[in-house]
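Chemist: Before I ask anything, here is the structure I am working with.
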Amino acid sequence: MSLTPARAAAFLVLFVLGALVGVAGALLQGGWFPGGLLLALLGTAGLFHGGVWLTGGRSGALAPAAGWLVAVILLTATRPEGDFLFGAGLGSYLFLIGGMAVAVMCATLGLSRQPPASAARLGK
């Protein structure tokens, strides 16, 4: 598939949505553990799989995953004042590793293309 302006816009929107879901998930998983962690991971999975469905290819999961990763990496850095968003707890590590695992699963599994109906039956 070629990169049309509409596809480029879809990838840009998915990147921004990935960053927003990363920020929201970072706040949610720390606020309501363990339910917030599950909700944050379900939100990331929904966005990544929705990107695959929207674009019709596996690259649809990469754009929101890149936005999610950029946001999460920026949020893990500590400030000079000593402030931080991610603590050194189990929930933070599960959110980081789980989000990356969900991104890899959605990008590798993607949508399976079905053969045309005429090619599905041999000998006809």
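Chemist: Across the stretch 27-62, which residue is surrounded by the fewest Cβ atoms within 10 Å (Cβ to Cβ) among those that are over 12 Å from GLY98 (Cα atoms) and touching a Ser or Thr at 6+ places or on another chain (Cβ under 8 Å)?
Modeler: That would be ARG58.
Chemist: Only one of these conditions is not met by ARG7: (1) buried (at least 16 other Cβ atoms within 10 Å of the Cβ); (2) in contact with a helix residue (DSSP H, G or I) (Cβ under 6 Å, 6 or more places away or on another chain). Which number is it?
Modeler: All conditions are met except number (2).
Just so you know, all these numbers are worked out from the coordinates, no wet-lab data involved. Model, not experiment: these values are computed from the prediction. In this analysis, Cβ positions are derived from the backbone assuming ideal geometry, glycine residues included, and neighbour counts consider all displayed protein chains.
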